[in-house]
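*Asks:* Please read through the structure below; I'll follow up with questions.
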Amino acid sequence: MQLFVFVSLLIAVRAVVVPPVDSSGHFHSPLPTDVVPQGKNITINGVLTYVSLPKGRFDRTTAVLMLTVKADQWAAAGFATYAPDYLNGDALPTGGNVTAWAVNHGEAQTTPPLLAVISALKSHGIKQIATTGYCFGGLYTTRLVQNNTITVGTMAHPSSLNVPTDFELVKAQAHVPVEINNAELDTGFTPALAIETDAFAGVAHGFASDPVQVAAKQGAFDTSLAFIKKHLK
Ligand SMILES: *[C@@H]1O[C@H](CO)[C@@H](O)[C@H](O)[C@H]1NC(C)=O
Ligand SMILES: *[C@@H]1O[C@H](CO)[C@@H](O)[C@H](O)[C@H]1NC(C)=O
Ligand SMILES: *[C@@H]1O[C@H](CO)[C@@H](O)[C@H](O)[C@H]1NC(C)=O
């Protein structure tokens, strides 16, 4: 049994105070709406999935399963990228009530569409799946790592994890590499987990348009990309 919990430590400007971001921003649809999309929405095994393929040649046996936004960024890095709508067409509206919304977006509702897409990818010749999850998607990346369903997992700002239970499960069960980026000011973490995954000083949960946050977000992508490339054959 091996553990590759690699905690990335990126240097940011500690002096910058970043206000907490509206928590509703964590639960937006994984299907991109705010950029000019390069990919397409395709229904895979009954699940609406945003699919972004690299331009030119790419490895058709490897896929990135993205439980966050920015699928096109992964496709531009050369990976066939799939962002399933595991919120079942019901993303939290701006200003929506997270507590009420969360009742119908627990693991019971969210896991089946994820596994449906993974199963379809595997039956279509995808041999290696890298999962990258942001916030809400971090929980599911953790589950997929715990179950050894994927080849490699990275996450930023995972929310809703049970600490230390979920980390202990990773240590006990997982034999796939996993990398965690966290935000120092993240309120989704208990202090213990925050210490364990400390990174990105000055970045609140949910990236905004602050230059330090943008730099950190790019850092999170670069770190995840390097980690995933290292662990895919
Ligand atoms: C994909 O579907 C979502 C949700 O219906 C929609 O907001 C988005 O514009 C669609 N994107 C594309 C590229 O069709
Ligand atoms: C949000 O929803 C919960 C559960 O339905 C409810 O108890 C709470 O009062 C709501 N909060 C607001 C601000 O409406
Ligand atoms: C992981 O495995 C558990 C136990 O079999 C199962 O209940 C859960 O749905 C699985 N989750 C994922 C994301 O594969």
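The values are calculated or read from the model by the stated rules, or taken from the named source; none is laboratory data. Just so it is clear, the structure is predicted and the values come from calculations on it, not from any experiment. Cβ sites come from the backbone with ideal geometry, for glycine too, and all protein chains shown count toward neighbours.
*Asks:* Does segment 93-104 include one or more residues that are crowded, with 19+ Cβ neighbours inside 10 Å, of a type outside the set (Gly, Ala, Ser) and touching a residue at least 24 places away in the same chain (Cβ under 8 Å)?
*Replies:* Our first condition is that a residue be crowded, with 19+ Cβ neighbours inside 10 Å; within segment 93-104, this holds for none.
Checked segment 93-104: no residue is crowded, with 19+ Cβ neighbours inside 10 Å, of a type outside the set (Gly, Ala, Ser) and touching a residue at least 24 places away in the same chain (Cβ under 8 Å).
*Asks:* Can you report the number of residues in segment 63-90 which are surrounded by 20 or more Cβ atoms within 10 Å (Cβ to Cβ) and farther than 24 Å from His157 by Cβ?
*Replies:* Going through segment 63-90 one residue at a time, the tally reaches 1.
*Asks:* Assess whether Ser159 counts as being in contact with a Gly (Cβ under 6 Å, 6 or more places away or on another chain) and among the hydroxyl-bearing types (Ser, Thr, Tyr). Spell out how you get there, then give the answer.
*Replies:* Values: in contact with a Gly (Cβ under 6 Å, 6 or more places away or on another chain): yes; among the hydroxyl-bearing types (Ser, Thr, Tyr): yes.
Criteria met by Ser159.
*Asks:* Could you pull out the residue among Ala75, Ala63, Ala83, Ala91 that is assigned to a helix (DSSP H, G or I) and either within 14 Å of ligand 1 (Cβ to nearest atom) or hydrophobic (A, V, I, L, M, F, W, C) (or both)?
*Replies:* Values: Ala63 fails: assigned to a helix (DSSP H, G or I); Ala83 fails: assigned to a helix (DSSP H, G or I); Ala91 fails: assigned to a helix (DSSP H, G or I).
After ruling out the rest, the residue left standing is Ala75.
*Asks:* Something else now. Give all pairs with beta carbons closer than 9 Å in which a residue from segment 121-144 that is within 13 Å of Leu161 (Cβ to Cβ) meets a residue that is within 16 Å of ligand 2 (Cβ to nearest atom) and not in a strand (DSSP E or B); count only pairs at least 6 apart in sequence or on separate chains.
*Replies:* Cys135/His26; Cys135/Phe27; Phe136/His26; Phe136/Phe27; Phe136/His105
*Asks:* Additional query: Exactly one of these conditions fails for Ile195: (1) modelled with pLDDT of 75 or more; (2) surrounded by fewer than 21 Cβ atoms within 10 Å (Cβ to Cβ); (3) among the hydrophobic types (A, V, I, L, M, F, W, C); (4) part of a helix (DSSP H, G or I). Give me its number.
*Replies:* It is condition (1) that Ile195 fails.
*Asks:* Can you tell me how many residues within segment 50-78 are within 15 Å of the chain's Cα centre (by Cα) and not aliphatic (A, V, I, L, M)?
*Replies:* The total comes to 6.
*Asks:* In addition: Could you say whether any residue in segment 125-142 is surrounded by fewer than 24 Cβ atoms within 10 Å (Cβ to Cβ), in a helix (DSSP H, G or I), among the polar types (S, T, N, Q) and away from ligand 1 (no atom under 16 Å from the Cβ)?
*Replies:* No; the residues of segment 125-142 include none that is surrounded by fewer than 24 Cβ atoms within 10 Å (Cβ to Cβ), in a helix (DSSP H, G or I), among the polar types (S, T, N, Q) and away from ligand 1 (no atom under 16 Å from the Cβ).
*Asks:* Tell me yes or no: at least one residue of segment 112-134 is modelled with pLDDT under 90 and either within 15 Å of ligand 3 (Cβ to nearest atom) or among the basic types (Lys, Arg) (or both). Don't jump to the end; show me each part of the working.
*Replies:* Going residue by residue through segment 112-134, those that are modelled with pLDDT under 90 are 133-134.
Filter again for either within 15 Å of ligand 3 (Cβ to nearest atom) or among the basic types (Lys, Arg) (or both), leaving 133.
So far as segment 112-134 goes, yes, one or more of its residues are modelled with pLDDT under 90 and either within 15 Å of ligand 3 (Cβ to nearest atom) or among the basic types (Lys, Arg) (or both).
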